[in-house]
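The values are calculated or read from the model by the stated rules, or taken from the named source; none is laboratory data. In this text, all values refer to a predicted model and were calculated from it rather than measured experimentally. Here the Cβ positions follow ideal geometry from the backbone for every residue, glycine too, while neighbour counts run over all protein chains shown. Accessible surface is based on the protein model in full, side chains and every heavy atom, while ligands, DNA and RNA are left aside. Shrake-Rupley method; radii C 1.70, N 1.55, O 1.52, S 1.80 Å.
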Amino acid sequence: MADKYPPISGKCPHFLHGGDYNPDQWIETPEIWDEDMRLMRLSGCNAMSIGIFSWSNLEPEEGRFEFGWLDTIMDKLAQNGGYTVLATPSGARPAWLSAKYPEVLCVGPNRVRNLHGQRHNHCFTSPVYREKTAAINRRLAERYKDHPALIVWHISNEYGGECHCPLCQEAFREWLKRKYNNDLDKLNHAWWTGFWSHRFTDWPQIESPAPHGESSLHGLNLDWKRFVTYQTIDFYKNEIAPLRELTPGIPVTTNFMGTYTGLDYWKFAEELDVVSWDNYPGWHTDAETTGELASKIAFIHDLNRSLKHGKPFMLMESTPSLVNWQPVNKLKRPGMHMLSSLQAVAHGSDTVQYFQWRKSRGSSEKLHGAVVDHCGHENTRVFRDVTEVGAVLKKLDCVLGTTVKPDIAVIYDWENRWAIDDAQALRRDKKDYQKTCENHYRAFWKSGIPVDIINMDCDFTGYKLLIAPMLYMVRPGVAERIEAFVKRGGVFVTTYFSGYADENDLCFLGGFPGPLRKVTGIWAEEIDSLYDQDSNALVLAPDIRTSLRGEYALHTFCELIHAETAEILAAYKNDFYAGSPALTVNSFGLGKAYYIAARTENRFLEDFYQSLITELSLLRALDCTLPESVTAQLRTDGERKYIFLMNFSEEAKMVDLKSKVFKDIVTGELLQQQITLRPYDVRVLEEP
Ligand code: GAL
């Protein structure tokens, strides 16, 4: 039976296409607003994010509100068949607010309070800021609750940062008291404060981490990050309370920033109706190939889809042409705008939105890419590119609400990342947790195999293959769930630097990988770090039952492990640990657990996973071998399959569709046998 998610808003059962629109920057020239409406219709844009930084135009003086301009814009949008993603304005404050209530300003880790300025510069604890943001949000909801243009609430903008003011210190201590049941002994144990005589004897002695104060208690660092996530979400909940009360049917989101390390998005996503994120890859860089970058972006798109367990997300911001904050701001080459926009759709986005609709005339973003340039008309390359995306999205209604249920999940866990980043160990410049996860992911991206990116608390049942690179932290219950997964026939893959510490970053006693020792069947005794010029290799045992053969280069980390119940598949070639195990597999119940003890060249990961892809018959978008830098991604309602075939390279590529016939949804063409993709080409195919 067909199984789709409902559209983000029932008012608009189509892809949302549009972006951040700042009509209040043009209040003195309202004729521009009419021109904006004409251009929006022309470009096939139907959703504008408004009011993100409009507070000083909505409440120019304390308690004096001016909604006239916003009424006009909302009405104009509705009259022109458009919709509003309406923002709450807390991302930037009016100057009068900071001047009258300095407590709203953020205090840095050095305990210095910021001056008014910039944006995103506020305290999430301040009762005044909470009161003022809730009050203006209530006014917005009261005024527009029945407006036909309102479809989504965009809460604040890119929540981030942390405040260390006295109010936040107090809130942190209260949070700790709740967490540790008012028991300082429990906290002292969790933070291992016997170290360097750091034992606390009274709650007020506890301070947030500071460069000129405490930074070496890893338990404290971890709890502070958890608190920052908690407090930011708590602030957000305060923002949405009036919206939930007055507009219960309007979905709420806030724009995430990929793998921003300051907030645990797994916790935040629970509180959103729909996930959205801002995507600004530096296409055409000389640092990596387009294919390599595309695979990293695909990883984050998949993460955003996984944050709500497969529910389509929103691409809230992307640039139609270039950004203005990279060291080298390259223009998107012809074809890249369509390709990068449909890449988001391929991985589960139901929107393509931009920053920004019209270039602002002054200030720091005046030269950032926009749909409408300072020339003010539609006869530009960028406007034509955007219009083309608008036209294609109109043909993709059938894809809306579809998703994918991959056979594979890669664990990328924020708390694990925090703990790894904090660890004073290994090669400190090359810990690279995210990059390692991306490298494991890339093997599947290249083969057109869908993947979920989950955290360690997610449900593992339903997957055939679970990959947990560098699972340093293992929270309570996780190892047991991994064991159950493998026992039932799942395949688990983990690597060096796994099973070292518990949820408080306290090392497991009795041998690593701690609670993963039984399922992996190995004991990890030591870990060696390599200089760039050091070399080692993994040598496959001659008589093993995998398709892997020969040698693979190793770099950066080699862990010295002992096979206990596991079978040795490969050994180290060099150094005093030559001949000891580098790759093992442990049969456990009906499944298996692999342990990759060293950081390998990517060719190893590709070959290793290729053999698992075949062995486990993993779900794939297209049943064929894809050329380098070409991927295929799948969206389905359970019956109909939509395949996004994308060429992330500067050369034409040929894909062999074998004997199957496909329909190109955009052009209507029937395709079979060999299809040639132009550089940066993207085709949306339907399996008949
Ligand atoms: C985003 C931000 C936008 C705009 C954009 C520029 O991070 O949310 O407001 O500044 O960057 O690329």
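Dipole check for the chain: with +1 at the C-beta of Lys and Arg, -1 at the C-beta of Asp and Glu, and the Cα centre as origin, the magnitude is about 800 Debye. Counted as membrane-span-like here are DSSP H helices of the chain whose alpha-carbon atoms extend 27 Å or more along the helix's own axis and whose Kyte-Doolittle mean is -1.0 or above; these are 218-246. Binning the C-alpha pair distances of the range 1-124 at 5 Å intervals from 0 yields a P(r) profile of 2, 10, 17, 17, 14, 12, 10, 8, 6, 3, 1, 0 %, listed from the shortest bin outward. Here the scattering of the chain is modelled by Debye summation over its C-alpha atoms, one equal scatterer each and no solvent; at q = 0.09, 0.11 Å⁻¹ the log10 of I(q)/I(0) is -0.84, -1.22. Using the empirical formula 2.2 N^0.38 Å as the baseline, the Cα radius of gyration of the range 200-240 reaches a ratio of 1.40. Selection among Ala149, Ser54, Asn121 by position relative to the dipole of the range 1-153 gives Asn121 as farthest towards the positive end (Cβ unit charges, Cα centre). The Cα-based radius of gyration and maximum Cα-Cα distance (Dmax) for the range 61-166 are 15.8, 51 Å. Seen from a random direction on average, the alpha-carbon convex hull of the range 71-115 projects onto 4.7 square nanometres. Between Asn110 and Thr72, the modelled label-to-label distance comes to 4.5 nm, taking each label 7 Å out from Cα in the direction of the beta carbon.
Annotation: Cα Rg of the range 522-575 relative to the compact-globule expectation 2.2 N^0.38 Å equals 1.20. Of the residues Asn536, Phe557, Leu605, the one whose Cα sits farthest toward the positive end of the charge dipole of the range 511-619, with +1 on the Cβ of Lys and Arg and -1 on the Cβ of Asp and Glu, is Leu605.
Working from the Cα coordinates of the range 470-567, the gyration tensor eigenvalues give, after taking √(5λ), semi-axes of 25, 19, 11 Å in decreasing order.
Going from most exposed to least, what order do Lys311, Lys435 have by accessible area with a 1.4 Å probe?
Lys435, Lys311
When the P(r) of the range 95-145 is calculated, the portion above 15 Å amounts to 51% of the C-alpha pairs. Computed from the Cα positions only, the extents of the range 619-688 along the three principal axes stand at 34, 24, 21 Å, in decreasing order. The modelled label-to-label distance for the pair Lys435/Arg138, using points 7 Å beyond Cα in the direction of Cβ, is 5.1 nm.
Please name whichever of Val323, Phe172, Leu400 sits farthest to the positive end of the charge dipole of the chain, dipole taken about the Cα centre and charges placed at Cβ: Lys and Arg +1, Asp and Glu -1. The Cα lying farthest towards the positive end belongs to Leu400. Can you bin the range 565-622 into rounded, prolate or oblate? Criterion: square roots of the alpha carbon gyration tensor eigenvalues sorted a ≥ b ≥ c, rounded for a/c under 1.5, prolate for a/b above b/c, oblate for the rest. Because a/c hits 1.5 or more and a/b fails to exceed b/c, the range 565-622 counts as oblate. Taking 7 Å steps out from each Cα toward its Cβ at Glu170 and Ser547 produces label points 6.4 nm apart. The share of C-alpha pairs in the range 307-419 whose separation exceeds 23 Å stands at 42 percent.
The alpha-carbon atoms of the range 204-362, seen along their principal axes, cover 59, 44, 38 angstrom, with the largest extent given first.
Ratio of Rg to Rh for the range 543-688, alpha carbon only, Kirkwood?
Details: Rg = 20.2 Å, Rh = 18.3 Å.
Answer for the range 543-688: 1.11.
For the range 421-523, what percent of Cα pairs sit more than 16 Å apart? Value for the range 421-523 (Cα pairs over 16 Å): 60 percent.
Net charge near Arg361, counting Lys/Arg +1 and Asp/Glu -1 over other residues with Cβ under 13 Å of its Cβ?
Values: positive: Arg358, Lys359, Lys366; negative: Asp24, Glu28, Glu365, Asp373.
Combined, the nearby Lys, Arg, Asp and Glu give -1.
Cross-link partners of Lys225 among lysines, defined as those whose alpha carbon lies under 28 angstrom from its own and excluding same-chain residues fewer than eight positions apart: Lys132, Lys177, Lys179, Lys186, Lys237, Lys267, Lys296, Lys308, Lys311, Lys430, Lys431, Lys435.
Summing Lys, Arg as +1 and Asp, Glu as -1, what charge do residues with Cβ under 12 Å from the Cβ of Asn255 carry, Asn255 excluded? Its environment carries a net charge of -4. Here is how the number arises for the chain: DSSP H runs of 4 or more residues each give -39500 (n - 2.57), the sum is divided by the residue count, and the result at 222 nm is -9000 deg cm²/dmol.
Normalised radius of gyration (Cα atoms, divided by 2.2 N^0.38 Å) for the range 390-464: 1.49.
If you take every residue apart from Pro209 with its C-beta less than 11 Å away from the C-beta of Pro209, what net charge results, scoring Lys and Arg +1 and Asp and Glu -1? Numbers along the way, then the final one.
On the way: positive: Lys225; negative: Glu162, Glu207, Glu214, Asp223, Asp422.
Cβ neighbours under 11 Å give a net charge of -4.
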